[in-house]
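A quick write-up on the structure given underneath.
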Amino acid sequence: QVQLVESGGGLVQPGGSLRLSCAASGSIFSLNAMTWYRQAPGKQRELVAIITSELSTSYADSVKGRFTVSRDNAKNTVYLQMNSLKPEDTAVYYCNAFINYKVTWGQGTQVTVSS
């Protein structure tokens, strides 16, 4: 059973930082692009950042310059370093990955930015 497990969410003050992790586990023979999405209350899920297996990255305009996506292929893990957090970054953050030629989602981790 292949699964993605996110961690690292929590409550942080505006201007603060958090680092999210998402680890893929199970019988994995192919792991391609890994992506972070987020969904705020009452809003649609939106793409935050993507990183390919070749380490190419792309970001939503709203997080460029503040968030950094990276991955450790040896650990099948993707990270999202979030700096200069704003209240509008509050959302459930989901990891998504193309594993064994199938799309797999994590369960999500809550990030709340509030004073």
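Over the chain, with every protein chain in place, what whole percent of the accessible area is carbon and sulfur at 1.4 Å, could you tell me?
48 percent
Treating cross-link reach as a plain straight distance, find the aspartates and glutamates whose alpha-carbon is under 20 Å from the alpha-carbon of Lys75, omitting any fewer than eight places away in the same chain.
The qualifying aspartates and glutamates are Glu6, Glu54.
Normalised by the residues of the chain, what does the relative contact order come to in percent, with Cα pairs under 8 Å and at least six apart?
38 percent
Going 7 Å from the Cα of Phe98 along its beta-carbon direction, which residues of the range 1-44 have the amide nitrogen within less than 14 Å of the resulting point?
Those under the cut-off are 30-36.
How large is ³J(HN,Hα) for each residue in the range 80-95, as worked out from phi by the Karplus curve 6.51 cos²θ - 1.76 cosθ + 1.60 (θ = phi - 60°), to whole Hz, x for Gly and Pro?
9, 8, 10, 10, 6, 5, 10, x, 6, 7, 4, 4, 8, 9, 10, 9
For an R0 of 22 angstrom, estimate the FRET efficiency from the Cβ-Cβ distance between Leu47 and Gln107 and round to the nearest 0.05.
Efficiency, rounded to the nearest 0.05: 0.75.
The values are calculated or read from the model by the stated rules, or taken from the named source; none is laboratory data. Because the structure is predicted, anything quoted here is derived from the model rather than measured. A quick note on method: Cβ atoms are made from the backbone with ideal geometry, for glycine too, and the neighbour counts reach across all protein chains shown. Note: areas computed on protein heavy atoms with side chains; ligands, DNA, RNA excluded. Shrake-Rupley method; radii C 1.70, N 1.55, O 1.52, S 1.80 Å.
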